[in-house]
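Taking it in order: structure first as C-alpha cells, then the write-up.
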Amino acid sequence: MPNIKSAKRRMRSDGVKEARNRAVKSTLKTAERGLNDAIKDGNKDATAAALKAVNSAYDRATKQGVIHSGKADRKKSRLAIRANAAA
C-alpha cells in the first residue's frame, strides 16, 4: 500500500482504468463470439450485422485507447475475410 499522496491517487486512477479496459475487452470478445456464431450458422444477414457490430466495437476500443489502432485494423481485416468467405 502506498504512503505518498500522489502514489495513492495514481493507484485509484489505475484501478478505474483497469476496470474500464476489462469491460471494453470483454465487449470485444463477446462481439467476436457473436460473429463466430453467425458464421457457423451460415446466416448471411446475421453475419453482416455481427461484422458491423464487431467493427464498431473495435473502433470504439481504439478511440478509448484500450487497444492499439494497428491491432484493431488487423483484427477487423481478418474477421472480414472470414465473414466474406462464409457468405
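Computed from the coordinates by the stated procedures, all read-outs in this text should not be read as laboratory data. These numbers come from a predicted model, not from an experiment. Ideal geometry is used to build each Cβ from the backbone, glycine not excepted, and the neighbour counts take in all protein chains shown.
General observations
- Tallying residues that are outside any helix (DSSP H, G or I), surrounded by 14 or more Cβ atoms within 10 Å (Cβ to Cβ) and touching a residue at least 40 places away in the same chain (Cβ under 8 Å) within region 36-65 yields 0.
- Within the set Arg10, Arg33, the sole residue that is charged (D, E, K, R) and within 18 Å of Ile81 (Cα to Cα) turns out to be Arg33.
- Scope region 17-35; condition loosely packed, with under 14 Cβ neighbours inside 10 Å and among the hydrophobic types (A, V, I, L, M, F, W, C); matching residues: Ala19, Ala23
- Subset tally (residues that are farther than 27 Å from Glu18 by Cβ, in a helix (DSSP H, G or I) and not charged (D, E, K, R)) for region 66-87: 7
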